[in-house]
Amino acid sequence: MLNRVVHLLPLELKAVLEKLPETALAQLEEIRIREGRPLELGLRGQSRFAGTDGTLRMAADGAYKPTGDICRKLLERITNYSLYAMEEELKRGFITVAGGHRIGLAGRTVLDSGSVRGIRDIGAFNIRIAREVIGSANHLLPKLLDRSRKSIHSTLILAPPQQGKTTLVRDLARSISYGLWGQGEGAGWQGRKVGVVDERSEIAACVRGIPTFDIGPRTDVMDACPKAEGIMMLLRSMSPEVIVADEIGRDEDGEAIREASHAGVSVIATAHAYDVQDALGRPVLRRLLEDGSFQQIVELRRTTSGFMHRIISAESAVRSPAAREPTAALTAAATSTFRRSGADPAPVESGLQRGGAT
């Protein structure tokens, strides 16, 4: 995984990371660089600190600490030596580089009339390494088929950060575009025209408008475009049959998805939420589920060997009495049940299932 971002790293930092064991390099997902503090690595959902000799340790004691000079060099590389050119990205708190790798930034914010205009004195970076996992949606897609339209039901995928949502929707877009519906009833269906709104340039990882990940032969991408605007642009100009978007949550996102639904287009979208109850505690997601813009909900969980998913009927989830209780009161109980017994927070179309690697 390191070779995908090695060109961004200052030599001193690169030298430390190249000493890591091969098994760790293969599992590397995040590199967290904080000025004057221990170098932290994310390895398949687990956190470790790196020593100067490449050893991994649970405790921060004795770990390698990047200097201010290294952080400055890293910032210059990821901004291509022009902070001014990256002003909009800095305002959002992250930069997406070629390959779909997203680099989060933390530092002192610059305010303009109470709104964030940018970040200066940047002293922390989180390099998230994008991974393409062909076939990761193979177990899930056949369970989401809309047989009446020979396509996919509009589906909302829920999970906390770092559970594989983007990897999954990327592979769903690819499979739908190719017409890889699985061995069941959809085996003979043709592929569908897919429109991807890639606001953070992570799904398709476009470079100059050309996807670097395989997202299928019938897929069009609105790259670095806000989701609401991108959805409407695709509807007007590209006649998609399926639209894919990542991390929805704003009011304007909800309105655009509603428009797509009324236009007969299936929507696959992700959102940050632990489960259905959390999602129903977010007004935008609740309205979309209540008005039928989504037919299916997928709760996604990361495991060491792949991911687990649970498919829930959106209509049943909204009607469930438990779903109308305050989110805060349910979070702990829902977490416990999911892990302990696989009991469902609402009537389930398909139980807890294992998916492909993410």
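Structural remarks
- Placed amide H near Gly118: partners under 5 Å, 5+ positions off or other chain: Val110
- Extreme residue, positive dipole direction of the chain, given options Ala314, Gly184, Pro240 (C-beta unit charges): Gly184
- When you restrict to C-alpha pairs under 8 Å that are six or more residues apart and normalise by the size of segment 8-73, the relative contact order lands at 32 percent.
- Those aspartates and glutamates that a straight Cα-Cα span of less than 15 Å connects to Lys19, excepting residues fewer than 8 apart in one chain: Glu40, Asp53
- Inter-probe distance in nm under a simple model that places probes 7 Å from Cα toward Cβ, at Arg208 and Glu22: 3.6
- Segment Leu111-Arg72, length gained on full extension (0.36 nm per residue, minus Cα span): 11.8 nm
- Placing pseudo-labels 7 Å out from each Cα toward the beta carbon at Arg286 and Arg44 gives an inter-label distance of 3.9 nm.
- Qualifying lysines (Cα of each under 22 Å from Cα of Lys150; at least 8 residues distant if same chain): Lys193
- The overall shape of segment 1-55 is rounded: from the C-alpha gyration tensor, with semi-axes ordered a ≥ b ≥ c, the ratio a/c is less than 1.5.
- A DSSP coil position with no more than 11 other Cβ atoms inside 10 Å describes the following trypsin sites (Lys or Arg not before Pro) in segment 129-179: Arg147.
- The slack between Arg34 and Arg147, meaning 0.36 nm per residue of separation minus the straight C-alpha distance, is 35.6 nm.
- With Cα atoms, 0 to 90° folded angle of helix 68-78 axis to the chain main axis: 50
- Protein-only accessible surface order, largest first, of Asp61, Asp291 at 1.4 Å: Asp61, Asp291
- Percent accessible area from carbon and sulfur atoms, segment 2-128, protein chains only, probe 1.4 Å: 48
- Note on Lys14: lysines with a C-alpha under 24 Å away, same-chain residues under 8 apart excluded, are Lys65, Lys73.
- When a 1.4 Å probe is rolled over the protein heavy atoms, the share of accessible surface on segment 143-207 that falls to carbon and sulfur comes to 47 percent.
The values are calculated or read from the model by the stated rules, or taken from the named source; none is laboratory data. Quick caveat: nothing in here was measured; it's all calculated off a predicted structure. Cβ atoms come from the backbone with ideal geometry, glycine included; neighbour counts cover every protein chain shown. Ligands, DNA and RNA are excluded from the accessible area calculation, which covers all protein heavy atoms including side chains. Shrake-Rupley method; radii C 1.70, N 1.55, O 1.52, S 1.80 Å.
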